[in-house]
Amino acid sequence: MLKEKIVKIKEEAQAEVENAKTVEDVLQLEIQFLGRKSEFVGILRQLKDVSPEEKKEVGQLANAVKVEIQTLLNQKKKNLASTFDAEAEKIDVTVPAVKLRKGHLHPLTQIQNEIEDIFTSMGFEIADGPEVEDEFHNFDALNIPKEHPARDMQDTFWLKSQSVTDDKRNDTDKNTNERILLRTHTSNVQIRYMEKHQPPFRIIAPGRIYRNEALDAAHEHTFHQFEALVVGDDINVGNFKFVAQEFFSKFFKKEIQVRIRPSYFPFTEPSFEFDISCTVCGGKGCSACKNAGWLEIGGAGMVNQNVFVAAGYPRNKYQGFAWGFGLERLAMMKYKIDDIRHFHSGDLRFIKQF
């Protein structure tokens, strides 16, 4: 069924591109057939629901069709751009020009869209959740102890407590005075997703988070985070390294290597920090990576079984990995930005550069 839809989209695209009269027409067709809200991208997002054999076959066909449609669009734009109609291009140079002011997407939105496109092409689903969260989903379910420093006022924006009736929780949890906060990470989305879905699955959870901390060139109280979660019967660290290297190589449009270092996070066991080979020098050593050849990106690890139990899964039945990083951090690396505060400054001189 998916194969027939892809072939039909290809035939429609060929006909439409052939009949395009202007470069503007071609740009609209590019959005129509390959844009983020196109039927073609919708089909790619359905791949997670088909069998592995069909997923491989349909995926190969989809990639081939995507390349073919993009090639047709590029060739059509080139042909139309080279066509010159002297009469149509004649203008009155004495008429004062009117400068149009056009808006565009914020650089963080552009980065998030690019990340989502890469992961959906790899079969991941995009998950979302509330920014105002309860203590259970933000801390307890993630195996973060009550005395953990992340719960202190220095790190978390706590809001007023609210009463929670028993029917909003499972039978084993009878808290009636739930504390409410602004989420400190997008890991809460992982818990809420697992409560409603059974493995196997692959999701990403991008979104805005809040930390009650002092501001400087590297820290903001409001910023964006991206997390990925893969859960199945036999997921391992090798799967994580492969996915991470594929993502960063596509994002930076060059071959990127990933290395991991032992670390500790309450919600993963084992836990590790992961670095990528320097995007400037390729690992040889330069001022950007302080001659180390590596850039620190974020944290990762195999999901702690206590987290699975909190989400309602049987202990030791599933395995999975989770990893994440800040979108601002990635944007600063890609665009050579030296101060995180620029993103939310509202300074149009900064925004208009992207």
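Assorted remarks:
- Within the shell defined by Cβ-Cβ distances under 12 Å, the residues around Gly283 carry a net charge of +1, with Lys and Arg each +1 and Asp and Glu each -1.
- Residues His106, His219 ordered from highest to lowest accessible area at a 1.4 Å probe: His219, His106.
- Solvent exposure of the range 182-332 amounts to 43 Å² per residue of accessible area, where only protein heavy atoms count and the probe is 1.4 Å.
- Computed from Cα positions, the angle between helix 107-121 and the longest principal axis of the chain comes to roughly 90 degrees.
- Asp49 accessible area, 1.4 Å probe, all protein chains in place, Å² to nearest 10: 110
- A DSSP coil position with no more than 16 other Cβ atoms inside 10 Å describes none of the chymotrypsin sites (Phe, Trp or Tyr not before Pro) in the range 181-267.
- Nearest-ten-degree value, helix 52-82 long axis tilted from longest Cα axis of the chain: 40
- Heavy-atom accessible surface of Leu159, to the nearest 10 Å², is about 80 Å², with a 1.4 Å probe and all protein chains retained.
- The range 316-354 and the range 137-159: distance between their alpha carbon centers, rounded to Å: 23
- Ranked by solvent-accessible area (1.4 Å probe, protein heavy atoms only, all chains present), the residues Thr71, Thr156 order from largest to smallest as Thr71, Thr156.
- The chain: antiparallel DSSP beta bridges as a percent of all, rounded to 5: 95
- Sorting Ser249, Ser51, Ser82, Ser287 by accessible area puts them as Ser287, Ser82, Ser51, Ser249; the probe is 1.4 Å, largest comes first, and only protein heavy atoms count.
- Degrees, to the nearest 10: 2-19 long Cα axis against longest axis of the chain: 30
- Surface calculation, 1.4 Å probe, protein heavy atoms: Arg259 sits at approximately 90 Å² accessible.
- What separates the Cα centres of the range 251-266 and the range 1-72 is a distance of 32 Å.
- Of Gly283, Phe40, His106, farthest towards positive along the dipole that unit charges on Lys, Arg, Asp, Glu beta carbons give the chain: Gly283
- 222 nm mean residue ellipticity, helices alone, for the chain (DSSP H n ≥ 4; -39,500 (n - 2.57); rounded to 500): -11500 deg cm²/dmol
- Dimensionless Rg/Rh of the chain - Kirkwood Rh, Rg from C-alpha atoms: 1.02
- Of the solvent-accessible surface of the chain, computed with a 1.4 Å probe and all protein chains present, 52% belongs to carbon and sulfur.
The values are calculated or read from the model by the stated rules, or taken from the named source; none is laboratory data. As the structure is a computational prediction, the values presented were derived from the model and not from experiment. A quick note on method: Cβ atoms are made from the backbone with ideal geometry, for glycine too, and the neighbour counts reach across all protein chains shown. Just so you know, the surface numbers come from the protein's heavy atoms only, side chains and all, with ligands and any DNA or RNA stripped out. Shrake-Rupley method; radii C 1.70, N 1.55, O 1.52, S 1.80 Å.
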